[in-house]
Amino acid sequence: MIVHLINILAVVFIFGVLIISHELGHFWTARKCGVKVELFTFGFGPKLFGFKRGDTLYQVALIPFGGAVKLAGEDGYGKEEPKGDEYFAKPAGQRALILIMGSVHNLVLGFLVFALVFILGIQTVNYRQPLVGEMQPGFPAQSVGIKSGDLITRVAGKKVTDWLTLSKEIHRYPGQEITLEILRGKEFLNFKVIPKIETIKTAQGQETVGLIGIIPSVTREKFGVIPAFGRAGKETFRVAGLIFYYLGKLFTRELSTRELAGPVGIAQMTGQFVQTGWSGFLYFLALLSVNLSIVNLFPFPMLDGGHVAGVLIESIRKRKPSRRFLEISQTLGFGLIILLALFVTYNDILRIFSRKM
């Protein structure tokens, strides 16, 4: 019961931090550009509570998985003479900046949280050596006497120098007896083992492989403040690059759309990362923040990137698109996003129940 409560609070915390950070980017930039902010809300649905300070109403709504900033005059598109503190009274450059800064805030948040993770220390898996960390109960490695700290040097006579090579070699022998040469301390030992036959998911589908139930060793690595920020910068760019990499895989059908995760899947993953400790949980927060910053800038109606594209088109054509065009594009965009949300939620639920069967 307590574990479930912690997981729920963790989910609300993650969504809250991501949404508030994003909306603050819009909020502060709008204020700096002289645009009146009428509403700053966290969540959607029925209002729980709120207060007004200056021109802005701050409120919290029932469902904590959304948020919004309402700018003065943003619904008055097409008015001939918008007031000076209204959104459409500002030049295209300022409007684009207001739209972009939500994503910039998420990107900066991801970078800062990555830096914090590296300062606190992060567990890193040692793939550089074929060094055994743990054994899985019920698998052959434990039953034949392999121990944590053993260094596997040969599989069926073939030399292995890293974890990837070790895994590939063991995978080749499902249900077949093989000999493992192991260095324990200063002594070389030989163990005969029959890898368990298992079916695993790969990018190409399903594959039958041999598994002996060993897990690579894990070390905790800490960084000083300056190196941590350097590492955080590299990690931020790496994660951003992976988004485009996997999108490319989706378009070329090398990656199934069933792998897409929605709110339910994110909530489930949050619970899993909570179990790994603070570093793992914060890393997941940073990962989501960078993802949100990039995806939200895609030139798609209803996303900030779609609005930025509209502002750019307006600047190039020297005139605003018609109100009718905007209404149609917004409606289509909203419909597609709802369909995508339903699709990924269906994937999430299907994934959860299929694992329980």
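Most exposed first by the Cβ proxy, i.e. fewest other Cβ within 10 Å, how do Tyr246, Tyr283 rank? Mind showing how you got there, number by number?
Numbers: Tyr246 14, Tyr283 21.
The fewest-first ordering by Cβ neighbours comes to Tyr246, Tyr283.
Between Tyr58 and Phe13, what is the FRET efficiency for a Förster distance of 22 Å, r being their Cβ-Cβ separation, to the nearest 0.05?
Details: r = 19 Å, r/R0 = 0.87.
Taking R0 as 22 Å, the efficiency between Tyr58 and Phe13 is 0.70.
What share of all Cα pairs of region 103-227, in percent, falls into each consecutive 5 Å distance bin?
2, 10, 16, 19, 14, 10, 9, 8, 7, 3, 1, 0
Only four residue types carry charge here, +1 at the Cβ of Lys and Arg and -1 at the Cβ of Asp and Glu. Report the dipole size of region 104-231 about the Cα centre in Debye, rounded to the nearest 20. Write out the running numbers ahead of the final one.
Values: 15 positive and 10 negative charges, 42 e Å.
Around 200 debye, computed over region 104-231.
In which sequence would Ser315, Ser289 go, from the one with the fewest C-beta neighbours within 10 Å to the one with the most?
On the way: Ser315 14, Ser289 27.
If I rank by nearby Cβ atoms, fewest first, I get Ser315, Ser289.
Grab the other residues whose beta carbon is less than 12 angstrom from that of Val35, score K and R as +1, D and E as -1, and report the net. Write out the running numbers ahead of the final one.
On the way: positive: Arg31, Lys32, Lys36, Lys70, Lys83, Lys90, Arg95; negative: Glu38, Asp55, Glu74, Asp85, Glu86.
Within the 12 Å Cβ shell, the charges total +2.
For the pairs Lys147/Lys186; Lys159/Lys192; Lys159/Lys196; Lys147/Lys222; Lys147/Lys196; Lys32/Lys70, note any where the Cα-Cα span goes beyond 25 Å. Don't jump to the answer; show the numbers that get you there.
Numbers: Lys147/Lys186 14 Å; Lys159/Lys192 16 Å; Lys159/Lys196 21 Å; Lys147/Lys222 27 Å; Lys147/Lys196 18 Å; Lys32/Lys70 15 Å.
Long pairs (Cα-Cα over 25 Å): Lys147/Lys222.
Every number in this text was worked out from the coordinates using simple rules, so none of it is lab data. Everything quoted here is computed from the prediction, not taken from an experiment. Here the Cβ is made from the backbone with ideal geometry for all residues, glycine too, and neighbour counts use every protein chain on show.
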